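Let me begin by presenting the structure, written as structure tokens, before commenting on it.
The values are calculated or read from the model by the stated rules, or taken from the named source; none is laboratory data. Bear in mind that the values here come from a model prediction, so they are computed numbers and not experimental data. Cβ: placed from backbone, ideal geometry, glycine included. Neighbour counts: every protein chain shown. To get the accessible areas, we keep the full protein, side chains included, count just its heavy atoms, and leave off ligands, DNA and RNA. Shrake-Rupley method; radii C 1.70, N 1.55, O 1.52, S 1.80 Å.
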Amino acid sequence: MEGILFTVQPTDVKLGTVMGVFVPCLQNILGIIYYIRFSWIVGMAGIGESLLLVSFCGLCTFLTSISLSAIATNGAMKGGGPYYLIGRALGPEVGVSIGLCFFLGNAVAGSLYVLGAVETFLDAVPGAGIFRGSVTSVNATSGVQDSIIVSPSLHDLQVYGIVVTILLCFIVFGGVKLINRVAPAFLLPVIFSLFCIFIGIFRSKNDYPSTGVTGLSASTFKENWSSDYQRTNNAGVPDPDGKIYWNFNGLVGLFFPAVTGIMAGSNRSASLKDTQRSIPIGTLAATLSTSALYLVTVLLFGAFATREKLLKDRLLTATVAWPIPAIIYVGIILSTLGAALQSLTGAPRLLAAIANDDILPILKYFKVAEGNEPHIATLFTAFICTACVVIGNLDLITPTITMFFLLCYAGVNLSCFLLDLLDAPSWRPRWKFHHWSLSLLGASLCIVIMFLISWSFTVVSLALASLIYYYVSLKGKAGDWGDGFKSAYFQLALRSLRSLGANQVHPKNWYPIPLIFCRPWGKLPENVPCHPKLADFANCMKKKGRGMSIFVSILDGDYHECAEDAKTACRQLDTYIEYKRCEGVAEIVVAPNMSEGFRGIVQTMGLGNLKPNIVVVRYPEIWRRENLTEIPATFVGIINDCIVANKAVVIVKGLDEWPNEYQRQYGTIDLYWIVRDGGLMLLLSQLLLTKESFESCKIQVFCIAEEDAEVEELKADVKKFLYDLRMQAEVIVITMKSWEEAHVEGGTQQDDSMEAFTGAQRRIATYLKEMKDKAQRDGTQLMADGKPVVVNEQQVEKFLYTTLKLNSTILRYSRMAAVVLVSLPPPPVCHPAYFYMEYMDLLVENVPRLLMVRGYRRDVVTLFT
């Protein structure tokens with residue numbers, strides 16, 4: 001059994017393979033089941049199925065030992081034993097859930113040892129019983145006398161068990177170091193008693209029919225080869241009216257604790273001379289030697305006693321032992337008490353190791369400083385042990401222990417399977433005899449054995465582990481231990497990235513990957529890394545939260561001087577993203593200025609087809625108010641860089657008023673579809689409808705027709721197109737007179753936008769006059785933003801008037817819209833950036849919430865299935 005956990009002897013002398021690993025494992029594996037249940041198992045299952053039973057359970061622990069050897073030799077081990085190994089391989093959630101179940105298994109195992117010692121004592125000294133035991137008459141076959149079996153009273157087991165548990169707790173509190181020094185000596189009576197058993201078997205005479213012992217006999221071997229499953233009472237005594245019916249599955253649960261104990265050596269890694277050599281050799285040697293012992297014992301037990309003797313003599317090992325049965329009684333009591341002490345010493349250390357990792361705040365009471373004893377954890381372990389002792393039924397306790405141990409062994413095997421399969425560069429175990437298929441087989445055997453024993457116990461244990469896992473996921477503190485799942489995610493991401501290739505993604509598989517430009521136009525409050533509403537808008541560009549956003553900001557300066565500031569800013573931005581519950585990553589770039597930084601970002605950000613495809617920028621509404629003269633050139637440069645890099649652009653005006661997830665909007669989402677954009681504007685409107693804040697809105701699509709005669713034909717075409725795209729929207733076609741027609745008619749429409757139009761004309765004329773005056777003084781051509789420009793005043797006037805008409809139309813039809821989407825006009829070639837900002841200001845005038853969208857040279861929606 002897993003009795004010894006983290007009991008490292010406080011000495012400078014390092015232990016070798018024999019005393020450091022082999023002896024502890026042997027001491028934990030050989031225990032109460034072998035002495036008082038193994039002969040009964042042979043009688044119930046027969047020799048054939050008993051051999052199968054031992055081989056089946058032994059194979060499970062053998063494969064687990066191989067996995068353990070591989071993981072344990074892949075680096076230094078800290079406190080926590082299997083919890084440490086599993087947690088570092090499968091993550092803290094899995095490690096804590098399995099670790100706590102393993103702790104419960106060890107705590108319950110202490111009660112198993114205590115009950116075994118008490119039961120053996122009461123069988124050896126019946127007069128010590130306080131209460132009257134149960135009497136069972138066993139009807140024998142012909143030639144064998146009927147037998148009367150007196151089983152210890154359940155109340156005696158409870159009373160003596162509680163007393164022994166309390167005494168053991170006092171010893172643990174008072175002398176843990178002494179226990180660690182004396183523990184190996186407990187193995188000597190066990191080994192000596194084994195020799196006595198084998199000597200007694202070979203010396204046994206044919207006393208049949210008086211006692212049922214035939215001596216080693218071929219006929220007895222033949223009679224006992226087959227199984228004879230039958231009913232028993234709670235004490236395991238054959239009874240036709242018994243409540244328990246035994247089969248192979250039940251015997252697996254009863255016997256499996258007799259092959260556990262393989263973790264004892266790995267838990268002593270700190271006291272080993274050569275961990276990489278001792279753990280594999282010592283663990284596997286103990287596993288193989290005990291399995292061989294069990295197989296030989298099956299053959300001997302099946303050949304020297306009748307089936308009735310095997311079933312009715314609860315301590316056949318003592319009956320047959322040479323020279324006197326008392327040797328076996330003493331051996332059982334000493335070995336079980338020693339193992340119980342080790343369980344009560346080791347289980348609290350496992351709980352303390354889990355608490356010290358500070359993953360679960362609720363376990364903070366069990367924390368201990370290094371070098372101190374876990375007294376509170378010991379009291380808690382003693383409470384669990386006492387509760388199980390009160391149950392008083394050995395056969396009901398062992399399946400519970402088995403489930404917890406099998407969960408742990410499955411975790412070890414799955415850890416090795418994952419690490420072996422991923423084969424990360426850090427996976428370099430010194431133990432070379434391992435393979436992922438063996439670990440997978442070991443894990444599968446663990447699960448199969450669990451269901452063979454009891455599907456109900458399996459469901460309960462898995463539910464308990466799942467519940468702990470879920471609780472740790474919700475309440476636990478995040479811990480990055482470099483576990484195998486992170487490596488699996490990394491390799492899966494790399495493989496997926498390679499499979500995507502570098503070709504364009506089909507429109508059916510197109511996802512928006514927005515590049516959120518966090519650099520503000522102006523200043524944000526101190527320690528605020530991003531506009532508070534940018535993440536809300538980024539979430540609106542994803543369907544059901546699926547997708548990834550890249551939040552990027554630029555620090556002006558030299559990289560060597562600002563590297564630490566960039567790291568700090570990146571952490572702040574990442575915290576902001578996590579706080580806003582937005583799936584995305586944060587990136588900070590240091591560049592001489594914003595334009596150079598953005599140009600580098602738009603060229604290099606992303607990998608393969610996972611590069612950002614939409615650039616989201618807040619409209620600089622403050623550029624004229626705060627007299628930020630560098631904004632126009634920077635803003636136009638960003639748009640031109642996106643066009644050259646073939647990135648879509650979304651300019652957000654009215655970001656301060658953008659709704660969060662709890663602010664429900666009503667009205668319409670209006671689209672002014674002026675130029676072909678690959679369907680991006682339509683797709684964005686559909687994504688907005690998937691959000692709770694916009695789900696009550698309806699979509700209106702406005703199309704611009706040059707002539708009145710084109711209205712009906714254009715409307716029919718757009719409706720058909722939207723129908724094929726599975727998009728519901730109302731189509732509205734409006735006409736807009738060209739600039740030449742309006743000029744001939746001799747005026748412009750008088751509306752709310754006229755004042756803004758007149759102001760823009762005046763400012764552009766003033767700016768143009770200053771440009772001409774400067775060029776005349778310097779004797780150069782017209783210059784703007786550091787480069788020559790060519791200004792066609794008639795074309796400038798046309799741009800202004802067209803923008804005016806579009807703004808007037810938006811205000812006429814969409815003044816109450818929840819949000820307006822309009823095609824973003826590209827910056828005119830050779831026009832000053834200042835002129836373009838005037839065009840944009842005129843376009844957004846009096847529109848509270850506006851998205852200016854420019855697609856790129858590809859479709860993002862498709863008509864086909």
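For segment 680-692, how many residues are free of Cβ contacts under 8 Å to residues at least 60 places away in the same chain and not in a helix (DSSP H, G or I)? First the steps, then the outcome.
Keep residues of segment 680-692 that are free of Cβ contacts under 8 Å to residues at least 60 places away in the same chain, which gives 686, 689, 692.
Now drop any that are not not in a helix (DSSP H, G or I), which leaves 692.
Residues in segment 680-692 being free of Cβ contacts under 8 Å to residues at least 60 places away in the same chain and not in a helix (DSSP H, G or I): 1 in total.
Give just the number: which of (1) under 30 Å from LEU842 (Cβ atoms); (2) part of a strand (DSSP E or B); (3) touching an Asp or Glu at 6+ places or on another chain (Cβ under 8 Å); (4) not basic (Lys, Arg) does VAL615 not satisfy?
(3)
So for segment 472-494 (the condition being open to solvent by 70 Å² or more (accessible area, probe 1.4 Å) and touching an Asp or Glu at 6+ places or on another chain (Cβ under 8 Å)), does at least one residue qualify?
Yes, the conditions are met somewhere in segment 472-494.
Enumerate the helices (runs of 4 or more DSSP H) found wholly within segment 20-76, keeping only those where 1 or more residues are hydroxyl-bearing (Ser, Thr, Tyr), under 30 Å from VAL237 (Cα atoms) and within 40 Å of the chain's Cα centre (by Cα).
So the answer is 32-36, 38-72.
For segment 358-372, state whether one or more residues are part of a helix (DSSP H, G or I) and within 30 Å of GLN276 (Cβ to Cβ). Please lay out each step first, then the result.
Quick first cut of segment 358-372, residues part of a helix (DSSP H, G or I) only: 361-366.
Then keep just the ones that are within 30 Å of GLN276 (Cβ to Cβ); that gives none.
Among the residues of segment 358-372, not one is part of a helix (DSSP H, G or I) and within 30 Å of GLN276 (Cβ to Cβ), which makes the answer no.
Here is a yes/no grid of residues against (1) over 30 Å from PHE537 (Cβ atoms); (2) not β-branched (Val, Ile, Thr):
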| residue | (1), (2) |
| --- | --- |
| ASP773 | yes, yes |
| ASP778 | yes, yes |
| THR803 | no, no |
| LEU811 | no, yes |
| MET816 | no, yes |
| SER823 | no, yes |
| HIS831 | no, yes |
| GLU838 | no, yes |
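Given the options GLY557, GLY584, GLY547, name the one that is open to solvent by less than 70 Å² (accessible area, probe 1.4 Å), farther than 19 Å from VAL617 by Cα and touching a residue at least 12 places away in the same chain (Cβ under 8 Å). Before the answer, list the steps.
Values: GLY584 fails: farther than 19 Å from VAL617 by Cα; GLY547 fails: farther than 19 Å from VAL617 by Cα.
Being open to solvent by less than 70 Å² (accessible area, probe 1.4 Å), farther than 19 Å from VAL617 by Cα and touching a residue at least 12 places away in the same chain (Cβ under 8 Å) holds for just one of GLY557, GLY584, GLY547, which is GLY557.
Among the residues in segment 279-298, are any in contact with a strand residue (DSSP E or B) (Cβ under 8 Å, 6 or more places away or on another chain) and farther than 16 Å from GLY31 by Cβ?
Residues of segment 279-298 in contact with a strand residue (DSSP E or B) (Cβ under 8 Å, 6 or more places away or on another chain): 279.
When the remaining residues are screened for being farther than 16 Å from GLY31 by Cβ, the result is 279.
The answer is yes, given that some residue of segment 279-298 is in contact with a strand residue (DSSP E or B) (Cβ under 8 Å, 6 or more places away or on another chain) and farther than 16 Å from GLY31 by Cβ.
Considering every residue within segment 495-508, establish whether at least one is at pLDDT 75 or above, open to solvent by 70 Å² or more (accessible area, probe 1.4 Å), under 28 Å from ASN646 (Cβ atoms) and under 22 Å from the mean Cα position of the chain (by Cα).
Within segment 495-508, one or more residues are at pLDDT 75 or above, open to solvent by 70 Å² or more (accessible area, probe 1.4 Å), under 28 Å from ASN646 (Cβ atoms) and under 22 Å from the mean Cα position of the chain (by Cα).
Given GLU657, GLU661, GLU630, which one is open to solvent by 30 Å² or more (accessible area, probe 1.4 Å) and without any contact (Cβ under 8 Å) to a residue 12 or more places away in the chain?
Numbers: GLU657 fails: without any contact (Cβ under 8 Å) to a residue 12 or more places away in the chain; GLU661 fails: without any contact (Cβ under 8 Å) to a residue 12 or more places away in the chain.
Answer to the selection: GLU630.
Which one is modelled with the lowest pLDDT, of the residues in segment 36-61 that are among the polar types (S, T, N, Q) and either open to solvent by 10 Å² or more (accessible area, probe 1.4 Å) or closer than 23 Å to ALA321 by Cα (or both)?
So in segment 36-61, the residues among the polar types (S, T, N, Q) come out as 39, 50, 55, 61.
Next cut, either open to solvent by 10 Å² or more (accessible area, probe 1.4 Å) or closer than 23 Å to ALA321 by Cα (or both) only: 39, 50, 55.
Working: SER39: 92, SER50: 95, SER55: 95.
The qualifying residue modelled with the lowest pLDDT is SER39.
Condition first: in a helix (DSSP H, G or I) and of a type outside the set (Gly, Ala, Ser). Now tell me which residues in segment 317-334 satisfy that.
The initial filter retains those residues of segment 317-334 that are in a helix (DSSP H, G or I), namely 317-320, 326-334.
Across segment 317-334, the qualifying residues are THR317, THR319, VAL320, ILE327, ILE328, TYR329, VAL330, ILE332, ILE333, LEU334.
I'm told GLY557 meets every condition in (1) closer than 28 Å to LEU824 by Cα; (2) over 28 Å from the mean Cα position of the chain (by Cα); (3) modelled with pLDDT under 90 except one. Can you identify the failing condition by its number?
(1)
Is segment 225-240 home to any residue that is open to solvent by 60 Å² or more (accessible area, probe 1.4 Å), under 45 Å from the mean Cα position of the chain (by Cα) and at pLDDT below 90?
yes
Return the residue satisfying two criteria in turn: it lies in segment 693-713 and is part of a helix (DSSP H, G or I) and aliphatic (A, V, I, L, M), and of such residues it is surrounded by the fewest Cβ atoms within 10 Å (Cβ to Cβ).
Taking segment 693-713 as the starting set, the residues that turn out to be part of a helix (DSSP H, G or I) are 708-713.
With the extra rule that they be aliphatic (A, V, I, L, M), the set shrinks to 709, 711.
On the way: ALA709: 10, VAL711: 15.
Ranking the candidates gives ALA709 first.
If I filter segment 335-349 for residues that are in a helix (DSSP H, G or I), modelled with pLDDT of 80 or more, out of contact with any helix residue (DSSP H, G or I) (no Cβ under 6 Å at 6 or more places or on another chain) and within 28 Å of THR232 (Cβ to Cβ), do I get at least one hit?
no
For the condition touching a strand residue (DSSP E or B) at 6+ places or on another chain (Cβ under 7 Å), at pLDDT below 90 and buried (at least 18 other Cβ atoms within 10 Å of the Cβ), what is the one hit in ALA535, ALA569?
Testing whether each residue is touching a strand residue (DSSP E or B) at 6+ places or on another chain (Cβ under 7 Å), at pLDDT below 90 and buried (at least 18 other Cβ atoms within 10 Å of the Cβ) leaves just ALA569.
Among the numbered criteria (1) at pLDDT below 75; (2) β-branched (Val, Ile, Thr); (3) crowded, with 19+ Cβ neighbours inside 10 Å, which single criterion is violated by ILE148?
Single failed check for ILE148: (3).
Among PHE383, PHE417, which is free of Cβ contacts under 8 Å to residues at least 12 places away in the same chain and open to solvent by 30 Å² or more (accessible area, probe 1.4 Å)?
Within the list PHE383, PHE417, the selection yields PHE383.
Taking segment 647-672 as the region of interest, how many residues are of a type in the set (D, E, K, R) and either in a strand (DSSP E or B) or more than 23 Å from PRO620 (Cβ to Cβ) (or both)? If you could, list the steps in order and put the result at the bottom.
The first filter runs over segment 647-672 and keeps only residues of a type in the set (D, E, K, R), leaving 647, 653, 656-657, 661, 664, 670.
Now narrow it down to the ones that are either in a strand (DSSP E or B) or more than 23 Å from PRO620 (Cβ to Cβ) (or both): 653, 661, 664, 670.
Residues meeting the conditions: 4.
Would a scan of segment 109-124 turn up a residue that is closer than 21 Å to THR283 by Cα, open to solvent by less than 10 Å² (accessible area, probe 1.4 Å) and out of contact with any Lys or Arg (no Cβ under 6 Å at 6 or more places or on another chain)?
Yes; the residues of segment 109-124 include at least one that is closer than 21 Å to THR283 by Cα, open to solvent by less than 10 Å² (accessible area, probe 1.4 Å) and out of contact with any Lys or Arg (no Cβ under 6 Å at 6 or more places or on another chain).
Could you list, in sequence order, the residues of segment 154-175 that are modelled with pLDDT under 80 and surrounded by fewer than 19 Cβ atoms within 10 Å (Cβ to Cβ)?
Filtering segment 154-175 for residues modelled with pLDDT under 80 gives 154, 171-175.
Result: LEU154, ILE171, PHE173, GLY174, GLY175.
For segment 203-224, what are the residues that are in contact with a Leu (Cβ under 9 Å, 6 or more places away or on another chain) and modelled with pLDDT of 90 or more?
Matches in segment 203-224: PHE221, ASN224.
Looking at (1) in a helix (DSSP H, G or I); (2) at pLDDT 85 or above; (3) open to solvent by less than 20 Å² (accessible area, probe 1.4 Å), which one does TYR801 not meet, given that it meets all the others?
Looking at each condition in turn, TYR801 falls short on (2).
Given the options LEU445, LEU515, LEU464, name the one that is modelled with pLDDT of 80 or more, touching a Leu at 6+ places or on another chain (Cβ under 9 Å) and crowded, with 19+ Cβ neighbours inside 10 Å.
LEU445
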